[in-house]
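One structure is given below, encoded as structure tokens.
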Amino acid sequence: MSSSQCFENPPSLSSACGAGTVQELGGLQTYDKGCEDAKRVIAALKSKGVSAIGVAGFCWGGMVSVKLASSTDIQAAVVLHPGPITEDEIDGVKVPIAILGAEIDHISPPEQLKRFGEKLSVKSELDSFVKIFPGVAHGWTVRYSAEDESGVKSAEEAHLDLLNWFTKYVK
């Protein structure tokens, strides 16, 4: 991750928040238990009678979403401008997944996301969707200027794609 795209608006990390710990990874501070924590939340929701769960992940959360999509604990996943994901992780996907990427992204370049789409398309039992948004950079769905009409339009389109995906698969 030699790009600064993820670091333009980083979250505040605190070991006092959540059950995980703050770890240093590649010179960065990061939480180390995203998938594990999410599985506990999913189990708690199911124990309360929730029968359908969708997961959306942005950047590093996209990596967690892909890992969760390798189980049938969730019904659908949406990944937006994901952090580093491998082809092996994509091969493991078992639920409908939408991948929304940026044209300008050094972490998850459009060519890589298109390869993911090709790999997913051969799974006839699984619906998948890959869309590359032109003219936007990594993080565009959550870090855009309200004065940038084109940026707002792209972010809103991605949010609508996310909602439509969940409406279709999380019932």
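The values are calculated or read from the model by the stated rules, or taken from the named source; none is laboratory data. Every value quoted in this text rests on a predicted model; they were computed, and no experiment measured them. Virtual Cβ from ideal backbone geometry, glycine too; neighbours counted across all protein chains shown.
Taking PRO96, is it more than 27 Å from LYS171 (Cβ to Cβ) and out of contact with any Lys or Arg (no Cβ under 6 Å at 6 or more places or on another chain)? It is false that PRO96 is more than 27 Å from LYS171 (Cβ to Cβ) and out of contact with any Lys or Arg (no Cβ under 6 Å at 6 or more places or on another chain). Assess whether PRO82 counts as being under 21 Å from LYS33 (Cβ atoms) and in contact with a helix residue (DSSP H, G or I) (Cβ under 6 Å, 6 or more places away or on another chain). Yes, satisfied.
Here is a yes/no grid of residues against (1) more than 15 Å from the chain's Cα centre (by Cα); (2) surrounded by fewer than 21 Cβ atoms within 10 Å (Cβ to Cβ):
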{"residue": "ALA43", "(1), (2)": "yes, yes"}
{"residue": "SER47", "(1), (2)": "yes, yes"}
{"residue": "ALA52", "(1), (2)": "yes, yes"}
{"residue": "TRP60", "(1), (2)": "no, yes"}
{"residue": "VAL66", "(1), (2)": "no, no"}
{"residue": "ALA76", "(1), (2)": "no, no"}
{"residue": "HIS81", "(1), (2)": "no, no"}
{"residue": "THR86", "(1), (2)": "no, yes"}
{"residue": "GLU89", "(1), (2)": "no, yes"}
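Applying a threshold of 8 Å to beta carbon distances and a minimum spacing of six or more residues, or different chains, the list of pairs starting in region 153-168 at a residue that is under 19 Å from ASP127 (Cβ atoms) and ending at one that is among the hydroxyl-bearing types (Ser, Thr, Tyr) and not in a helix (DSSP H, G or I) reads ALA158/THR141. Considering only residues of region 109-124 that are under 17 Å from the mean Cα position of the chain (by Cα) and among the hydrophobic types (A, V, I, L, M, F, W, C), which is surrounded by the fewest Cβ atoms within 10 Å (Cβ to Cβ)? If we take residues in region 109-124 being under 17 Å from the mean Cα position of the chain (by Cα) and among the hydrophobic types (A, V, I, L, M, F, W, C), then LEU120 is surrounded by the fewest Cβ atoms within 10 Å (Cβ to Cβ).
Residues that are more than 13 Å from the chain's Cα centre (by Cα) and of a type outside the set (A, V, I, L, M, F, W, C) were ranked within region 132-146; the one that is surrounded by the fewest Cβ atoms within 10 Å (Cβ to Cβ) is SER145. If you filter region 33-62 down to residues that are in a helix (DSSP H, G or I) and touching a helix residue (DSSP H, G or I) at 6+ places or on another chain (Cβ under 8 Å), you find that the one that is modelled with the highest pLDDT is ILE42. Among the conditions (1) surrounded by fewer than 19 Cβ atoms within 10 Å (Cβ to Cβ); (2) at pLDDT 95 or above, the only one that THR30 does not satisfy is (2). Among the residues of this structure, ASP127 counts as one that is touching a residue at least 40 places away in the same chain (Cβ under 8 Å) and surrounded by fewer than 19 Cβ atoms within 10 Å (Cβ to Cβ).
Considering every residue within region 94-109, establish whether at least one is β-branched (Val, Ile, Thr), closer than 17 Å to TRP165 by Cβ and free of Cβ contacts under 8 Å to residues at least 60 places away in the same chain. So far as region 94-109 goes, yes, one or more of its residues are β-branched (Val, Ile, Thr), closer than 17 Å to TRP165 by Cβ and free of Cβ contacts under 8 Å to residues at least 60 places away in the same chain. Mind listing just one residue for me: the one in region 147-171 that is assigned to a loop (DSSP other than H, G, I, E, B) and not hydrophobic (A, V, I, L, M, F, W, C) and, of those, surrounded by the most Cβ atoms within 10 Å (Cβ to Cβ)? Per the stated criteria, the residue is ASP148.
Picking from residues in region 79-108 that are aliphatic (A, V, I, L, M) and in a loop (DSSP other than H, G, I, E, B), the one that is farthest from SER124 (Cα to Cα) is ILE107.
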